[in-house]
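J.: I have a structure I would like to understand better, so I am pasting it below and will then ask my questions one at a time.
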Amino acid sequence: MPPALAHRVAEPETGDGIARRSFLKLATASGFALGAFPLMASAQQDAKPAATGLKPDQQPAAFVKIARDGAVTVTVNRLEFGQGSHTGLAMVLAEELDADWSRVQAVHGNAEPAYNDPAFGMQITGGSTAIKNSYTQYRELGARTRAMLLAAAAQQWKVPVSSLATERGVVIGPGGKKLGYGALADAAMQQPVPTQVTLKDPSRFKLIGKPTTRVDAKAKSSGRQAFGMDVRLPGMLTAVFEHPPVFGGKVASVDDAAARAVPGVKAVLRVPTHNGGEGVAVVATGYWAAKQGRDALKVQWNHSGRERVDSAQQLASYRALAAKTGNIKTNADVSALANAPHKISAEFVFPYLAHAPMEPLNCTVQLEGTGAQAKATVWTGTQMPGLDVAAAARTLGIQPEQVTLHVQMAGGGFGRRGLLASDFVTEACTIAKAAQAAGLNAPVRTVWSREDDVRGGYYRPMHVHRAEIGFDAQGKVLAWDHVIVGQSIMAGTFFEPMMVKNGVDETAVEGMGKPYDVPMRLSAHHPKLNVPVLWWRSVGSTHTAYAMETLIDEIARATKQDPVAYRMKLMDGKASRHRAALQLAVDKSGYGKKTLPAGRAWGVAVHESFDSVVAYVVEASVDNGTPKLHQVTAGVHCNLAVNPKSVEAQVQGGALMGLSMCLPGAAITLKDGVVEQSNFGDFVVPRITDMPVVAVHIVPSADAPTGMGEPGVPPLAPAFANAIARLTGKTPRELPFKLV
């Protein structure tokens, strides 16, 4: 979810209480559950965002259960796919609950509207919003739960609530009497839900702000964590799908005799794709049989009417477009370019990128009954379960209420599991429906191989930037004319009316110009091509930060100024957090004080995305044309860091992903309409030997937390490039790096 969209979908509001009638209390055999389901957002059923103006606690998305043995289970309204939401949001709730952290665990919510994002009014994991949007929500729910436990204890002991205290899952009464939360759980659920609660003063925090080990670490590190791929159901079949090699292509003919002869293959089915094409599904008793069957298919394809994109031709056409002013985003006067004493003319090329999560896409669908009695149950790791329910219902020809979706732990995603078109869920439902029609009354798990994932779309769009900059001897920017060419990720989605203004997709230009005081004419072209595109972790900032921060560095070098001092001078009056993050990275790295070994150079970059700022100071070298990143020091401003360990991990992971954009082989290219890469053998991701030491330092702050899932990605590549430029005298202007 790009930050520009996050700001537009809905503005968070604060509320001071929840109406009593808004709550439902759900008894369970093992304790009590507290939740709230006051407004069934129609957004997901309609595949549109919910109406704005609803207070966050009128659309609560929380659920806490206390077992009779005192164990606390927090339901988290975000997909956990490595980012640490299960730990962070559980910490927030446990803090106000005064729970015993050693007895707290977290689970996924399902697709119920109760788990909607309080700001968006729909279910979404994206835009680095988990902690940011649900911080107050989870604090209030923890506080309300604690208040109900206190009320129950007061009633039992016949003492005023004011005489009670809590500590680590225990209510403490006069004379030192104690009752564990588990013993009070049943009685607490009989208490009214308080409409108002007083939250802790941050000075009393015992969990928030403390480096905390993740609640899912043990299961994941011991191999016991189940993911979507691990779903197993009685009689379950497995399907693999032969996608058309050209996007949107159709089957002309298929010889499936050999496939049907593979032991275990139950059916070979021609089914439509979500984008108007057609492919072939092989359904079998297991993955291996299904794959063997698919390998045995002989398919003739019909690609008529489908554009066959060629990367070389595409680059040439993009360059031609970049030479012209596009649709205007900002329109500063650039007439000073003509007579500027110093100029930079630059072109940048950014390729398509694949998401390539470690756990490829998968989705299991069980269909039962017919007509009004039909129901579908779906298991998958998804960033948008509500939209996926709507997509599944449309695909199956039933109502959303007839679909139950169980969110599964996912092995990464980087945006790929948050597709507005719900492609892999739609595909799994289509195959399950076809299998049922073929007489296979069994749950069907559709599995994408790595090759399916890399070749099957969607991708971070390819972009070309052109910049013309005029500046004086002091580095004052007199005019900056900047053109961006790339496909719109919002065009054709229900976000287009909000996100594409005057012909400019705001996700393609986010981050441009900031945080510097420069007169910029910024325009964009959005050609339409037959390549599916989607947000990729950090969205537009993955290319805009690179262009901005390498160009700023070039001006500093051209005017013989220290790049840190130059940035500080050029930043506008709103950039206090940028200054703090950059200065922290500088101080901790030894920049300007430490002498680097021969052959190494410093590189610096700073960028804001998702309301947080990350600055990198890196040490790099170039050996026989091969760049190497040795040390990364990060300065981070994300306001209050709920779990500094998670922030550290997010930034380290972000740095790794930023590095992945730089390494040779990290590009998706097309020839005759077909993606040329297929797996990690030809789509490069960093290996352990590529990974530098990454030290993360956080600027202290008590302000409400901002996003940290993505801001670690954008500034890494430009910082690396700026170090290379100091070593070679030339800034790499094409990613991945090509130095020889």
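J.: Name the residues of region 455-469 whose amide N is less than 20 Å from a point 7 angstrom out from the Cα of SER345 along the C-beta direction?
T.: 464-469
J.: Counting only protein heavy atoms, what percent of the accessible surface of the chain is carbon or sulfur at a 1.4 Å probe? Provide the component values of the computation, followed by the final result.
T.: Details: 14220 of 27720 Å².
Here carbon and sulfur together make up 51 percent of the probe-accessible area.
J.: Quick check: with the 1.4 Å probe, what order do HIS86, HIS406 take by accessible area, largest first?
T.: Output order, biggest surface exposure first: HIS406, HIS86.
J.: Further question on the same structure: Would you please put 550-558, 74-82, 269-277 in order of how densely packed they are, using the mean number of other Cβ atoms within 10 angstrom per residue and starting with the highest?
T.: Ranked from most to least packed, the peptides come out as 74-82, 550-558, 269-277.
J.: May I ask you to compute the full-extension gain from ALA558 to LEU727, defined as 0.36 nm times their residue separation minus their alpha-carbon distance, rounded to one decimal in nm?
T.: Full extension of this stretch gives 59.4 nm more.
J.: Moving to a separate point now. Nearest 0.05, what FRET efficiency do GLN399 and THR689 give at R0 = 35 Å with Cβ-Cβ as r?
T.: For R0 = 35 Å, the calculated efficiency reads 0.10.
J.: Here's a follow-up. Go through 222-230, 162-170, 63-71 and give me the packing order, highest mean Cβ count within 10 Å leading.
T.: Sorting 222-230, 162-170, 63-71 by mean packing, highest first, produces 63-71, 162-170, 222-230.
J.: Related question: Based on DSSP H runs of at least 4 residues, each adding -39500 (n - 2.57), what is the mean residue ellipticity at 222 nm of the chain after dividing by all its residues, to the nearest 500 deg cm²/dmol?
T.: Theoretical 222 nm ellipticity from helices: -8000 deg cm²/dmol.
J.: Helices from the chain with mean Kyte-Doolittle at least 1.0 and a Cα length along the axis of 27 Å or more, per DSSP H: which?
T.: Answer set is empty.
J.: Same structure again: Give me the extension gain from GLN474 to MET358: residue separation times 0.36 nm, minus the current Cα-Cα distance, reported in nm with one decimal.
T.: So the extension gain works out to 37.0 nm.
J.: Moving on. How high is the relative contact order of region 182-317, in percent, counting Cα pairs under 8 Å that sit 6 or more residues apart?
T.: 24
J.: Compute, for ASP423, the solvent-accessible surface of its heavy atoms (probe 1.4 Å) with the complete set of protein chains present, and express it in square angstrom to the nearest 10.
T.: Its accessible surface works out to 10 Å², give or take rounding.
J.: Output wanted: per-residue J couplings in Hz (rounded whole) for region 100-113, from phi through Karplus 6.51 cos²θ - 1.76 cosθ + 1.60, θ = phi - 60°, x for Gly and Pro.
T.: Running phi through 6.51 cos²θ - 1.76 cosθ + 1.60 with θ = phi - 60° gives 7, 4, 5, 10, 9, 9, 10, 9, 6, x, 9, 8, 5, x Hz.
J.: Got a number for the accessible area of THR198? Probe 1.4 Å, square angstrom, nearest 10.
T.: It works out to around 130 Å².
J.: Rule-of-thumb check for region 236-317: C-alpha Rg over 2.2 N^0.38 Å?
T.: Ratio of Rg to 2.2 N^0.38 Å for region 236-317: 1.26.
J.: Using the 2.2 N^0.38 Å rule of thumb for compact globular proteins, work out how the chain stacks up: its C-alpha Rg over that value, please. Walk me through the numbers before you get to the answer.
T.: Working: Rg = 27.0 Å, N = 740, 2.2 N^0.38 = 27.1 Å.
Dividing the Cα radius of gyration by 2.2 N^0.38 Å gives 1.00.
J.: What accessible area per residue comes out for the chain, rounded to a whole number of Å², with a 1.4 Å probe? Let's see the in-between values first.
T.: Values: 27720 Å² over 740 residues.
About 37 Å² of surface per residue is accessible.
J.: Of all DSSP beta bridges located in region 288-429, what percent are antiparallel, nearest 5?
T.: Roughly 50 percent of the DSSP beta bridges within region 288-429 come out antiparallel.
J.: Moving on. Based on the Cβ-Cβ distance from ALA323 to SER253, what FRET efficiency comes out when R0 is 56 Å, to the nearest 0.05?
T.: 0.80
J.: Can you flag which of LYS210/LYS593; LYS158/LYS178; LYS132/LYS569 are past 20 Å Cα-Cα?
T.: In this structure, LYS210/LYS593; LYS132/LYS569 exceed 20 Å between Cα atoms.
J.: Expressed in nm to one decimal, what extension gain is obtained for the pair ALA338 and GLN225 from 0.36 nm per residue of sequence separation less their Cα-Cα distance? List each step's numbers first, then the result.
T.: On the way: separation 113, 0.36 × 113 = 40.68 nm, distance 6.17 nm.
Residue separation times 0.36 nm, minus the Cα-Cα distance, leaves 34.5 nm.
J.: Put a dot 7 Å past each Cα toward the Cβ at TRP288 and THR595; how far apart are the dots in nm?
T.: 6.2
J.: Mean separation of Cα pairs under 8 Å and 6+ residues apart, divided by the residue count of region 364-478: what relative contact order is that in percent? Display every interim value, and only then the final one.
T.: Working: 131 pairs, mean separation 30.3, N = 115.
That works out to 26 percent.
J.: Another question, if that's okay. For the chain, what is the percent of antiparallel DSSP beta bridges, rounded to the nearest 5?
T.: 80
J.: Evaluate E = 1/(1 + (r/R0)^6) for ASP201 and ASP295, where r is the Cβ-Cβ distance and R0 equals 56 Å; express this FRET efficiency to the nearest 0.05. Show your work: numbers first, answer last.
T.: On the way: r = 63 Å, r/R0 = 1.13.
Between ASP201 and ASP295 the formula returns 0.30.
J.: Applying the Karplus parametrisation 6.51 cos²θ - 1.76 cosθ + 1.60 with θ = phi - 60° to the phi angles of region 500-512, what ³J(HN,Hα) value in whole Hz is obtained for each residue in order, glycine and proline being reported as x?
T.: Along region 500-512, the couplings run 10, 10, 6, x, 10, 6, 5, 5, 7, 10, 4, x, 5 Hz.
The values are calculated or read from the model by the stated rules, or taken from the named source; none is laboratory data. Here the structure is a predicted model, which means the values were calculated and not measured. Every residue, glycine among them, receives a Cβ derived from its backbone with ideal geometry; neighbour counts consider all protein chains shown. The area values use the complete protein model at the heavy-atom level, side chains included, leaving out ligands, DNA and RNA. Shrake-Rupley method; radii C 1.70, N 1.55, O 1.52, S 1.80 Å.
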